1. Can you list residue pairs whose Cβ atoms sit under 7 Å apart, with the first residue in the stretch B:40-61 being over 16 Å from B:Lys131 (Cβ atoms) and the second being surrounded by fewer than 18 Cβ atoms within 10 Å (Cβ to Cβ)? Count only pairs 6 or more apart in sequence or on different chains.
2. Kindly indicate which of B:Asp121, B:Asp109 is away from every other protein chain (no Cβ under 14 Å) and out of contact with any helix residue (DSSP H, G or I) (no Cβ under 8 Å at 6 or more places or on another chain).
3. In the set A:Ala73, A:Ala54, A:Ala60, A:Ala9, which member is at positive phi, buried (at least 18 other Cβ atoms within 10 Å of the Cβ) and within 8 Å of another protein chain (Cβ to nearest Cβ)?
4. Scan the stretch B:125-140 residue by residue and report those that are within 9 Å of chain A (Cβ to nearest Cβ) and not in a strand (DSSP E or B).
5. Can A:Pro67 be described as within 13 Å of another protein chain (Cβ to nearest Cβ) and loosely packed, with under 13 Cβ neighbours inside 10 Å?
6. Taking B:Glu152 as the residue in question, decide whether it is at the interface with another protein chain (Cβ under 9 Å from one of its Cβ atoms), under 23 Å from B:Ser8 (Cβ atoms) and assigned to a strand (DSSP E or B).
7. Report every pair of residues separated by at least 6 positions or lying on different chains whose Cβ atoms are under 7 Å apart, first residue within the stretch B:5-19 and under 17 Å from B:Ala105 (Cα atoms), second part of a helix (DSSP H, G or I).
8. Can you confirm whether the stretch B:73-88 contains a residue that is surrounded by 14 or more Cβ atoms within 10 Å (Cβ to Cβ), out of contact with any helix residue (DSSP H, G or I) (no Cβ under 8 Å at 6 or more places or on another chain), touching a residue at least 60 places away in the same chain (Cβ under 8 Å) and among the polar types (S, T, N, Q)?
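Nothing in this text is a laboratory measurement; each read-out follows from the coordinates by a stated rule. Fair warning: this is a prediction, and the values are worked out from it, not measured in the lab. FYI the Cβ positions are ideal-geometry reconstructions off the backbone, even for glycines, and counts take in every protein chain you see.
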Amino acid sequence: MKIKILFFATLRDYVGAKTIELEIPAGTTVLGLKESLVRSFPRMIPSQNFILTAINGEYAADQQVIPQGSEIALFPPVSGG
Amino acid sequence: MDNPTIISITETELDLDALMRSVTLSSTGAAVVFTGMVRGITDRAEPHKTLYLEYEAYQPMAEAKMRQVAAEIRTRWPSVEGIAIVQRIGRLYPRTPTVLIACTAAHRDTGVFEAARYGIDRLKEIVPVWKKEVGPEGQTWVEGEYIPQKGE
């Protein structure tokens, strides 16, 4: 299935794109997606344990299965204010 | 009159007076306003100079999370009347206000100080906004430390 991934801050720099579309197997978890992205973009390795994930605008846990057609966002811990 | 909640992410200058008016009711007797600004000279921890900060937001989620912060304030401090949470984004130079949290209440002893404090602390935990710091030595993304849990 196809998903859209948005990247922000450092992660956008590591990936070199604001957004990508990716084909993933049904049943892929957040952790599985992160592991596959880290393999494709090794610059993510040092921060891989501190990547936050949102599915359709809500923070997601590593074990969560990614639903069909969802918008995924990956980003570092926030630093607004 | 309904209790106003103002949530906004903007690239334009924060109008503190207008925001104050929008959260002041006839019954309001106290307002606590926090604004953060770009600090050009940092003495604490690792002393350094900052030329400007570049802010970006995951806008729809950031607005939803700011609404959530306002809702959490209302649950904890039911006497709070108006709430404004405004984050400015884009390139911002030293001495420029970047964020505003305003809470109003009938009286100052209602928890309104704590409410505004909670608002800025919570924004810095869960609202997806980031800043890149540009100084004479180069640029680095500022990263927070808080890891939100599922559904937080």
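1. B:Ile41/B:Lys49; B:Pro60/A:Gly57; B:Met61/A:Gly57
2. Working: B:Asp121 fails: away from every other protein chain (no Cβ under 14 Å).
Only one candidate qualifies: B:Asp109.
3. Values: A:Ala73 fails: at positive phi; A:Ala54 fails: at positive phi; A:Ala60 fails: at positive phi.
Among A:Ala73, A:Ala54, A:Ala60, A:Ala9, only A:Ala9 is at positive phi, buried (at least 18 other Cβ atoms within 10 Å of the Cβ) and within 8 Å of another protein chain (Cβ to nearest Cβ).
4. Scanning the stretch B:125-140 gives B:Glu125, B:Ile126, B:Val127, B:Pro128.
5. On the way: within 13 Å of another protein chain (Cβ to nearest Cβ): no; loosely packed, with under 13 Cβ neighbours inside 10 Å: yes.
For A:Pro67, the condition - within 13 Å of another protein chain (Cβ to nearest Cβ) and loosely packed, with under 13 Cβ neighbours inside 10 Å - is not met.
6. Details: at the interface with another protein chain (Cβ under 9 Å from one of its Cβ atoms): yes; under 23 Å from B:Ser8 (Cβ atoms): yes; assigned to a strand (DSSP E or B): no.
Considered against the rule, which asks whether it is at the interface with another protein chain (Cβ under 9 Å from one of its Cβ atoms), under 23 Å from B:Ser8 (Cβ atoms) and assigned to a strand (DSSP E or B), B:Glu152 comes out as no.
7. B:Thr5/B:Ala70; B:Ile6/B:Leu19; B:Ile6/B:Ser22
8. There is no residue in the stretch B:73-88 that is surrounded by 14 or more Cβ atoms within 10 Å (Cβ to Cβ), out of contact with any helix residue (DSSP H, G or I) (no Cβ under 8 Å at 6 or more places or on another chain), touching a residue at least 60 places away in the same chain (Cβ under 8 Å) and among the polar types (S, T, N, Q).
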